[in-house]
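To start, the structure under review is shown below, and the notes come after it.
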Amino acid sequence: MVEEQFDITITWTTTSPLHLGNGETKELTRDGHNEPIEYAPVVRDGDDKPYLTGSTLKGALNALAEQYFPDENTARAVLFGLISDQAQGSMGRLLVYGGALEQAPAVDQMPYADPSRPHTFIAASTQIDDASGVAGDHLLFHQEQVPADARFVTRMVLLVPQDSEAHGLARRLFALVARDGLSIGKATSAGNGQLHVGNAITVQHRKLDHTGSFTNWPVPDFINVEAPKSPLVSHAVYLHCDGPCIVRDASVTERQEGDNAQVKAQRMGLASPLIPPSTIKGVLRSRLEWLLQCAGHDKTLADTIFGTTDAAALVDVRNIAVSDGEAMDITSVKLDSFTGGPVDGALFTMNCFLDVSLSFDLTINRRGAVQEDVGKALEMLVAEIRQNGLMIGAATNRGFGWFQTEGEGHHASG
């Protein structure tokens, strides 16, 4: 019989786009296109709001406990349950309920935003060809995503005594989550699906009294324990683009009335550029391939490090932050693909951003921590970026999207 329990409420804030798919595929009709595109929708609740499933959260917490507390398997089994080969097992004593959307940013400026899909946008990505390690032809796919700065609230119930080893593990695990957050959903190695918690954890202790009713008891600061240091190697990268940069928004096919731009930048808001995590990871992969080839090494190591459709990545892109910028229209002339010269009368306007800062961490995950060549290759990549920067987005051959090292300061902020 349960004699005491701890009710835990956590408010999660997305710090990068999040996709928790429902396993289905839907079609999206675009203006100016005869054929619709297919996209993977997110899980939604009965109010048609994006939803965090309890099983996803519990699985991510279990994986985090396994990574940081490898010697506490008995206590971990108490919290998350155990399945044995003899079709026997035990239920976990940490009950995790799904998370309802409490607040979300406006999405009307984001790609493929539509009132029929509230609180989300649709991101286009390209699958990586396993043979070449670069974007494959005709391998474009689309995912519905919850934007950064969305807020979800979840409830958990911990059914273990206060003086148990499982309770101690739970406290240290949630202290770790409060410090580092949690990654869930698709493409977490590229920086997607990052959840921030901070101090947004409240705990209520309830005990069974002599009448058979639960009464509230004082509870010490539940997460006021020392979280373990990360065993992972991480490199922080800080970049800034003074000039124009643009990651093209493919959802814009026709100019709106009073708008001069034929090419639009992806954006979170009017002054907030959207640089998808997949774009950053693709640029990093290409730069590492080039570096490995120049150094006489096998360039397929870049596929091993950043992953393919058949193998998980060994290095994660985390804590991506993009600052606000200054929106600006720039008129260019179309170049002839054969002569390289300008096409007569072929002017077009691009809507882009100026003065944008970008920061992120490159972290060797637990799969890559045991491979020495991964660490050396990552150090080589980071040193190259810090010296020469990165070119990100469209029209980099015209000087767009040239990000240079900004120094060892704070992460970019909007």
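The values are calculated or read from the model by the stated rules, or taken from the named source; none is laboratory data. What you see is a predicted model; the values in this text were computed from it and never measured. Heads up, the Cβs are rebuilt from the backbone with ideal geometry, glycines too, and the neighbour counts pull from every protein chain shown.
With respect to the conditions (1) within 23 Å of the chain's Cα centre (by Cα); (2) in contact (Cβ under 8 Å) with a residue 60 or more places away in the chain; (3) more than 18 Å from Val233 (Cβ to Cβ), Gly307 lacks only one, and its number is (3).
Looking at Gly99, Gly81, Gly54, Gly92, which one is more than 28 Å from Ile275 (Cα to Cα), within 25 Å of the chain's Cα centre (by Cα) and not charged (D, E, K, R)?
Details: Gly99 fails: more than 28 Å from Ile275 (Cα to Cα); Gly81 fails: within 25 Å of the chain's Cα centre (by Cα); Gly92 fails: within 25 Å of the chain's Cα centre (by Cα).
None of the other options fit; the residue is Gly54.
Only a single criterion out of (1) of a type in the set (S, T, N, Q); (2) in contact with a helix residue (DSSP H, G or I) (Cβ under 9 Å, 6 or more places away or on another chain); (3) not in a helix (DSSP H, G or I) is not satisfied by Gln5, namely (2). Take the residues in region 78-89 that are under 18 Å from Ala63 (Cα atoms) and surrounded by fewer than 18 Cβ atoms within 10 Å (Cβ to Cβ), then tell me which one is modelled with the highest pLDDT. Ranking the candidates gives Gly81 first. Taking the listed residues Asp361, Asp324, the one that is outside any strand (DSSP E or B), modelled with pLDDT of 90 or more and within 24 Å of Ile392 (Cα to Cα) is Asp324, with no other qualifying. Suppose we filter region 29-65 for residues that are at pLDDT below 90 and crowded, with 17+ Cβ neighbours inside 10 Å; how many remain? Final tally of qualifying residues: 1. Among the residues here, Val374 qualifies as buried (at least 18 other Cβ atoms within 10 Å of the Cβ), touching a Leu at 6+ places or on another chain (Cβ under 7 Å), part of a helix (DSSP H, G or I) and touching a residue at least 60 places away in the same chain (Cβ under 8 Å).
The residues listed here are Asp149, Asp137; of these, the one that is closer than 30 Å to Arg248 by Cβ and at pLDDT below 85 is Asp137. Test Gln127 against the criterion of being loosely packed, with under 15 Cβ neighbours inside 10 Å and at pLDDT 90 or above, and give yes or no. It is false that Gln127 is loosely packed, with under 15 Cβ neighbours inside 10 Å and at pLDDT 90 or above. Scanning region 147-167 for residues that are touching a helix residue (DSSP H, G or I) at 6+ places or on another chain (Cβ under 8 Å) and either small (Gly, Ala, Ser) or part of a helix (DSSP H, G or I) (or both) yields a count of 3. Residues that are of a type in the set (Gly, Ala, Ser), touching a Gly at 6+ places or on another chain (Cβ under 8 Å) and surrounded by fewer than 17 Cβ atoms within 10 Å (Cβ to Cβ) within region 277-329 are absent altogether.
Here's the yes/no breakdown for (1) under 21 Å from the mean Cα position of the chain (by Cα); (2) acidic (Asp, Glu):
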| residue | (1), (2) |
| --- | --- |
| Asp163 | no, yes |
| Ala166 | no, no |
| Ala170 | no, no |
| Gly181 | yes, no |
| Ile184 | yes, no |
| Leu195 | yes, no |
| Ala200 | yes, no |
| Gln204 | no, no |
